[in-house]
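Notes to accompany the following structure.
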Amino acid sequence: MSLLTVSGSPHVYSKESVSKIMYGVIISLIPAMLISFYFFSLAAILLTLTAVVSCMAFEFLIQKYLIKGPVTVFDGSAIITGILLAFNVPSSLPLWMMVIGSAVAIGMGKMTFGGLGKNPFNPALVGRVFLLISFPVEMTTWPKPTEFSTQLTDVVTGPTPLAVMKEGIAAGRDASEVMAEIPSYVQMLYGNMGGSIGEISAIALLIGGIYMLARKIITWHIPVSYIGSVVIFSGILWLINPEIYVDPLFHLITGGMMLGALYMATDMVTSPMSAKGMIVFGIGCGVLTMVIRLFGAYPEGVSFAILIMNAFVPLINTYIKPKRFGEEVKDV
Amino acid sequence: MNEITLISVISLGSLGAIAAIVLYFVAQKFKVIEDPRIDVVEEKLPGANCGGCGLAGCRALAEAIVKAESLEGFSCPPGGNEAMKDIADALGLVAEESEPMIAVLRCNGTRENSPPKVKYEGATTCQFAHSLFSGEGGCPYGCLGCGDCVLACSFDAMYMDEKTGLPVIIDDKCVACGKCVQACPRNIIQMRKKGKKSRRIFVSCINTEKGGVARKSCKVACIGCGKCVKECKFEAITLENFLAYIDYEKCKLCRKCPPVCPTGAIHELNFPPRKEKKEEKAQENA
Amino acid sequence: MKTFKIGGVHPPENKLSKDAAIEVLDIPKTVYIPLSQHLGVPAVPVVKKGDTVKTGQLIAKGEAFISANIHSSVSGKVAKIDDVIDTSGYRKTCIIVETEGDEWEPDIDRSPDLKEDCSLTPEEIIKKVQEKGIVGLGGATFPSHVKLMVPKGKKADILIINGVECEPCLTADHRLMLEKAKEMLVGISIQMKALGVEKAIIGIENNKPDAIKHISELASGYKGISVESLKVKYPQGGEKQLIKALINREVPSGKLPIEVGAVVHNVGTSLAVYEAVQKNKPLIERVVTVSGSKIDKPSNFLVRIGTPVSALLEASGGIPENTGKVVNGGPMMGKALNNLDAPVAKGTSGILLFPEREVPRKPMLNCIRCAKCISVCCMGLEPYLLAILADKERFEECENEKIMDCIECGSCLYICPSGRPLLDNIRVGKNKVGQLMRSRASN
């Protein structure tokens, strides 16, 4: 008989593991990925592949030659960063920019802080915002979705519904008038609108979100409070003045709202730990998103809102604690 | 255009002025008057904040020295007598000479001497392993080998020897701050007089179990036979609870005790190799 | 169905021995009876080397308030009083008795008849419980007489009997509830009398439908005793969790259950109280589950205290090959043994064998802040934070984060996807914070 092991209790361990969680997220991203492949054809496939491969490559290189620590490329987190980064760019983005974005996402967004679990900001969003600021033209040229084809050239570009709305209202036109220029809600729901690769189809993202909820990868707190606060915020303004403010549903299904609420904000590493904290975080994201969308210079505010709230996470963790057992003494 | 420039200059300028006034009054109100000598003293200290002086850090020591207006009872192990002398010169005081000390590891339960009987799995901290069981080798007094002392050392003076599973103290780097002594849950590491040329003799075991029991878990345990006590001419060795202890104040480093120890628990460090012994053996062989 | 609200996990139950009736294990040749089998001050021996002792004779006296008497579990000769490695992993003083025959103390009633009536006053009951060395048999081994004495200024209004057995693998309490239910119910009414309460609830998890049915049927004959079935969730057997689940009262942080008028006892303790009060029998034997996925015959043994663990393993078919870990107690809160000759003590509820491949923990990775440890913590703490603070030796902060509320249920380490040694670090922190608090109290 070999030596007995002595260790502290417990002596049984659950089957949860980091890579299981990460691959669960990847599985949940498949519907949205398929939709993007359908609407943006080869361009989307190439961009996603480039992002995933370069994210993994950068993580490998940094871990192996810079940190000289253990290499954890296959735990799935770099793959998720890659996919989410690709989901956040227009399909016409040149591949070399994608590689730069991946390098920033992994190198600056994640590895600088010590790798998985230590980054304060969502790496994919760091990459995306870097690209948006460095290459504003390329990052805001949105090819119109088409039926699947293998051709790469001759894409028609046009603004996103959010941009149309913003410009329309800024030009002093009525909101309902502008609505006529953008696709119908049903069209937008399943993704037939201009936008980043992965954010277009609210339905596909919702399916993925439900899968993650069912597998307990995420909890309901952040998505519900995020979406809820967006609905309430935009709803109030819409009720006050429907001429310049659009109804809440429009805000929910356009832009990166769903992708942000279900995948970006719920990122375990960069979201608060306690349930109450998550709700505060979600509300903060929702309010900031709407403030940027309605009153800011950019038509879209999800990325900035989440990054700003990411910075507040340590503060939330310090001040908002879970309910302790026996904290409030009930009268017997 | 001029108007805009004027407005911005005036508004920003007045903002700045108001802030400056507020800051001035706040700074006046919360001014802390401090003895400038504290900074002088702190500068002379090594700045490692090791806590070897028994205070919270170099700043705390500096404050205490200035407050006491004397160097009596204060010492800085890493800075040594030199630092204290510097401070004495700066403050016009007299420095106390203190004997340099060094940490010694009173356990030799290497994987060979005390072979593992069970395997430990869990957090690599001796504190927890100590609360869990007697140790892989079975000695409830022995080194657990999780390296809390190495982590505690701020001077890189310790490392874990992968082969033996014991920490090693690097003589040249050890400043006797005592961090490792506090870190060890079993009090295996102790402070000793550094001695001339860093030579020292000590019992490398703290097991107070009966000889037979101690021997069962470790080949080189002190079994409390008392041979060394008889051998010592200076009454430096005492025996208590089946464990010998060499008083470093009385020990004259005569090297008589190590050879008589039947288990080899008495260690001598940094001595030249024994010549006579080999000759004797050679003679015996011949 | 009732259960507690905050946290909790569902480890696989693996109750392999639930159909194995309790077997009486042969009396071993030598018993090693530790002097410290209970929480509190170790008992002081009253016999010496060479004395002849009878089964059930007092051999060590618990002199402090929180301490317990210890009785010889066999008859024979005291061979010596020496240090033996016990289940704590350290050498502790034991009274070693060489068995000769099995001669019991004459005043112990060994007949199987049920004796229902108890004419003793509450004080007499408590005295008897103390005399016979009864301790909590759920695992914490807190002396029972202390628990039966309601402190001045407090009032108990309900007795809660813990038949939850939320630990996976263990079935000792389950078998007891099936086989000794009548005695147990008498024991519960005696405990109620001692405490002066009118009501007792037996909480049983619904994975033991046979026990719930059996006890419910019998309990209808006793006034004030009712049975409540609970939804399976670990750690429902924790005192505070059980009180919350059954009567929805929350024991305040840092306080004892008596604060909300409840007293919790284990089903095994009730049985021991019955035997002590009605039959004069001290606590000299207990039921121990021996289980494991590779073991030949998972069983429940009635074992004399002091029997070496190896004797139990032999009786259940020997140690399987590739055994990597032997645990004393349940898989969630038990202690790994470093010596198979360690004796069974009053708190030994089970001996579990784990094959080598089930032993290693998950490889340790960075914390990914998934917050699963927070969602499973039954005390509403933040295990990830406590572990970091304890590791960085920031013990004051640990105290502010309520580290002392941790009941060490192990749910955090169980669930952690990164395999971090959360509970290991928290235990170090608890230890240190406890020291800090004590030194503050003594100043």
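Descriptive notes on the structure:
Every residue, every condition in (1) in a helix (DSSP H, G or I); (2) of a type outside the set (Lys, Arg); (3) surrounded by fewer than 16 Cβ atoms within 10 Å (Cβ to Cβ), yes or no:
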{"position": "B:Ala62", "(1), (2), (3)": "yes, yes, no"}
{"position": "B:Ile65", "(1), (2), (3)": "yes, yes, no"}
{"position": "B:Leu71", "(1), (2), (3)": "no, yes, no"}
{"position": "B:Ser75", "(1), (2), (3)": "no, yes, no"}
{"position": "B:Glu82", "(1), (2), (3)": "yes, yes, yes"}
{"position": "B:Asp89", "(1), (2), (3)": "yes, yes, yes"}
{"position": "B:Ser98", "(1), (2), (3)": "no, yes, yes"}
{"position": "B:Ile102", "(1), (2), (3)": "no, yes, no"}
{"position": "B:Ser114", "(1), (2), (3)": "no, yes, no"}
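- Search result, residues across region A:180-198 that are over 12 Å from A:Pro145 (Cα atoms) and buried (at least 18 other Cβ atoms within 10 Å of the Cβ): A:Ile182, A:Leu189
- Within region C:275-315, tally of residues that are free of Cβ contacts under 8 Å to residues at least 40 places away in the same chain and either closer than 21 Å to C:Ile125 by Cβ or assigned by TED's automatic domain parsing to the domain that holds C:Pro168 (or both): 0
- Residue match in region C:430-440 (condition: touching a Ser or Thr at 6+ places or on another chain (Cβ under 6 Å), crowded, with 19+ Cβ neighbours inside 10 Å and either facing another protein chain (nearest Cβ under 10 Å) or on the phi < 0 side of the Ramachandran plot (or both)): no
- Selection status of C:Leu381, open to solvent by 30 Å² or more (accessible area, probe 1.4 Å) and facing chain A (nearest Cβ under 10 Å): no
- Inspection of region A:256-279 finds no residue satisfying the criterion of being away from chain C (no Cβ under 14 Å) and open to solvent by 30 Å² or more (accessible area, probe 1.4 Å).
- Qualifying residue in region B:119-138 (condition: away from chain C (no Cβ under 11 Å) and crowded, with 23+ Cβ neighbours inside 10 Å): no
Yes/no per residue for (1) at negative phi; (2) over 18 Å from the mean Cα position of the chain (by Cα):
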{"position": "A:Lys68", "(1), (2)": "no, yes"}
{"position": "A:Ser77", "(1), (2)": "yes, no"}
{"position": "A:Phe87", "(1), (2)": "yes, no"}
{"position": "A:Pro94", "(1), (2)": "yes, yes"}
{"position": "A:Val99", "(1), (2)": "yes, yes"}
{"position": "A:Gly109", "(1), (2)": "yes, no"}
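- Selection from region A:20-40 of residues that are within 14 Å of chain C (Cβ to nearest Cβ) and surrounded by 20 or more Cβ atoms within 10 Å (Cβ to Cβ): A:Ile21, A:Met22, A:Val25
- Qualifying residues in region B:219-238 (those that are open to solvent by 80 Å² or more (accessible area, probe 1.4 Å) and free of Cβ contacts under 8 Å to residues at least 40 places away in the same chain) - the one nearest to B:Cys261 (Cα to Cα): B:Lys227
- Those residues of region A:243-252 which are under 14 Å from A:Glu199 (Cβ atoms) and surrounded by fewer than 24 Cβ atoms within 10 Å (Cβ to Cβ), in sequence order: A:Leu252
- Scan region C:402-425 for residues that are facing another protein chain (nearest Cβ under 8 Å) and within 18 Å of A:Asn317 (Cα to Cα) and the total you get is 1.
- Looking only at residues of region B:1-36 that are assigned to a loop (DSSP other than H, G, I, E, B) and exposed (fewer than 10 other Cβ atoms within 10 Å of the Cβ), we find that the one that is farthest from the chain's Cα centre (by Cα) is B:Met1.
- Taking (1) basic (Lys, Arg); (2) open to solvent by less than 10 Å² (accessible area, probe 1.4 Å); (3) over 30 Å from A:Pro70 (Cβ atoms) in turn, C:Lys335 satisfies each apart from (2).
- Odd one out for A:Ile79, checked against (1) within 13 Å of chain C (Cβ to nearest Cβ); (2) open to solvent by 20 Å² or more (accessible area, probe 1.4 Å): (1)
- Residues (in a loop (DSSP other than H, G, I, E, B) and within 14 Å of chain B (Cβ to nearest Cβ)) located in region C:87-114: C:Thr87, C:Ser88, C:Gly89, C:Tyr90
- Note on region C:321-372: residues that are within 26 Å of the chain's Cα centre (by Cα) and more than 22 Å from C:Pro11 (Cα to Cα) amount to 10.
- Residue within region C:311-320 that is buried (at least 24 other Cβ atoms within 10 Å of the Cβ) and more than 11 Å from chain A (Cβ to nearest Cβ) present: yes
- Selection from region C:186-227 of residues that are open to solvent by 30 Å² or more (accessible area, probe 1.4 Å), in a helix (DSSP H, G or I) and farther than 20 Å from C:Met1 by Cα: C:Ser189, C:Lys193, C:Leu218
- Each residue in region C:354-378 was checked for being in a helix (DSSP H, G or I) and open to solvent by 20 Å² or more (accessible area, probe 1.4 Å), and 5 pass.
- Residue in region B:106-158 that is farthest from C:Glu356 (Cα to Cα), counting only those that are of a type in the set (D, E, K, R) and over 20 Å from the mean Cα position of the chain (by Cα): B:Glu112
- Residue ID - nearest to C:Gly350 (Cα to Cα), chosen from residues in region C:240-295 that are of a type in the set (Ser, Thr, Tyr) and open to solvent by 10 Å² or more (accessible area, probe 1.4 Å): C:Ser293
- Filter pass, A:Phe113 being touching a Ser or Thr at 6+ places or on another chain (Cβ under 8 Å), aromatic (Phe, Trp, Tyr) and either on the phi < 0 side of the Ramachandran plot or at pLDDT below 90 (or both): no
- Filter result for the condition that a residue is within 30 Å of C:Leu256 (Cα to Cα) and at pLDDT below 90, over A:Phe250, A:Phe325, A:Phe295: A:Phe325
- Some residue of region A:49-71 being open to solvent by less than 30 Å² (accessible area, probe 1.4 Å), in a helix (DSSP H, G or I) and within 14 Å of chain C (Cβ to nearest Cβ): yes
- Scanning region C:361-371 for residues that are facing another protein chain (nearest Cβ under 7 Å) and at negative phi returns C:Arg361, C:Lys362, C:Leu365, C:Asn366, C:Cys367, C:Ile368, C:Cys370.
- Filter result for A:Phe121 (more than 14 Å from every other protein chain (Cβ to nearest Cβ), in contact with a Gly (Cβ under 8 Å, 6 or more places away or on another chain) and open to solvent by 40 Å² or more (accessible area, probe 1.4 Å)): no
- A single member of A:Ser14, A:Ser92 is part of a loop (DSSP other than H, G, I, E, B), surrounded by fewer than 20 Cβ atoms within 10 Å (Cβ to Cβ) and touching a residue at least 60 places away in the same chain (Cβ under 8 Å), and it is A:Ser92.
- Yes/no for C:Met404 being open to solvent by 20 Å² or more (accessible area, probe 1.4 Å), assigned to a helix (DSSP H, G or I) and either of a type in the set (A, V, I, L, M, F, W, C) or closer than 28 Å to B:Lys117 by Cα (or both): yes
The values are calculated or read from the model by the stated rules, or taken from the named source; none is laboratory data. Here the structure is a predicted model, which is why all the values come from computation and not from measurement. Please note: Cβ atoms are built from the backbone with ideal geometry, for glycine as well, and neighbour counts cover all protein chains shown. Accessible surface is based on the protein model in full, side chains and every heavy atom, while ligands, DNA and RNA are left aside. Shrake-Rupley method; radii C 1.70, N 1.55, O 1.52, S 1.80 Å.
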